[in-house]
Amino acid sequence: MYMYENFHKMFSGSNQNTFNVCKACGGACEHNKIGTLLPGEKEYMAKKIGISVSEFKLRYLDVLEMDDGTLVHVLKLGELCPFLNEETGECECSDFKPIICKIYPVVFTVEAGKVNFTIDNWCQLSKNKACRTYFESAIPLLARFPIPIEWFCHVVSYDDLYFDYERLRKSRTGKSPHAVFTLAELLSLQKDCVETYQVEIDQIETFRVEGKLEMYRIKTAGSDIDFSRKIEKPTF
């Protein structure tokens, strides 16, 4: 749990400036997505809230059962994040929020047996240089987590997809409050039509390879990184 505590101390995530950008797009990344916890993160978050892990799972989590039997803990399916204040749009666990949520627009892919952390150019935060540099600075910290590549392989099977919350809610019938969904069951509940958010073409910074839009890949380690120094929040 220490590694998560240390990460949150060093990387604060969004501030009022980034929040204003997110609010302008309606927090699109919060809708029809699945919020995944890193291995051991449920124990860390339960301790921060001051409740038992069992109570934390009942209140906030469901489980995805992968084809090989691996269990991945996710925020309750079929709902917006239980820590999101729907009136203010603010996160109520910002000091210890799920790291995959905190680092967005940093996302990850698995290629040739390696995990690659990238910036999602779809997100409006990636269009601002200060914000982009700020979130890129978290990547070396992420790369140090001792998380098996098999876990990342499981998560990439659904992480960039959109899901039908209404059908997910209905599929909870007969399940326990801490519900278990198989991967096949989850994938059958994808959203057929996703609302897209339009932006002006001249505002989009893209990287193209042979005419195809590509994510920006950055190195995940560097000898000049000071891992004891808190990363400064962006201002713009």
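The values are calculated or read from the model by the stated rules, or taken from the named source; none is laboratory data. All values derive from a computational prediction rather than experimental measurement. Note that each Cβ is placed from the backbone with ideal geometry, even for glycine, and that neighbours are counted across all protein chains shown. Note: accessible area is taken over every heavy atom of the protein model, side chains too, but ligands, DNA and RNA are not part of it. Shrake-Rupley method; radii C 1.70, N 1.55, O 1.52, S 1.80 Å.
Among the residues of the range 142-149, is any over 23 Å from ALA46 (Cβ atoms) and modelled with pLDDT of 95 or more?
Yes, because at least one residue in the range 142-149 is over 23 Å from ALA46 (Cβ atoms) and modelled with pLDDT of 95 or more.
Can you tell me how many residues in the range 101-124 are in contact with a Lys or Arg (Cβ under 7 Å, 6 or more places away or on another chain) and open to solvent by less than 10 Å² (accessible area, probe 1.4 Å)?
The qualifying residues number 2.
State all residues of the range 6-29 that are open to solvent by 50 Å² or more (accessible area, probe 1.4 Å) and either hydrophobic (A, V, I, L, M, F, W, C) or in contact (Cβ under 8 Å) with a residue 12 or more places away in the chain (or both); if no residue qualifies, say none.
LYS9, SER14, LYS23, ALA24, CYS29
What strands (runs of 3 or more DSSP E) completely inside the range 24-135 contain at least 3 residues that are in contact with a Phe, Trp or Tyr (Cβ under 8 Å, 6 or more places away or on another chain)?
Correct list: 61-65, 106-111, 114-119.
If you take the residues of the range 41-79 that are in contact with a Lys or Arg (Cβ under 7 Å, 6 or more places away or on another chain) and open to solvent by 20 Å² or more (accessible area, probe 1.4 Å), which of them is nearest to LYS170 (Cα to Cα)?
Checked the range 41-79; the qualifying residue nearest to LYS170 (Cα to Cα) is TYR60.
Pick from the range 159-182 the residues that are within 23 Å of LEU58 (Cβ to Cβ) and assigned to a loop (DSSP other than H, G, I, E, B): which of them is least open to solvent (accessible area, probe 1.4 Å)?
Within the range 159-182, the match that is least open to solvent (accessible area, probe 1.4 Å) is ALA179.
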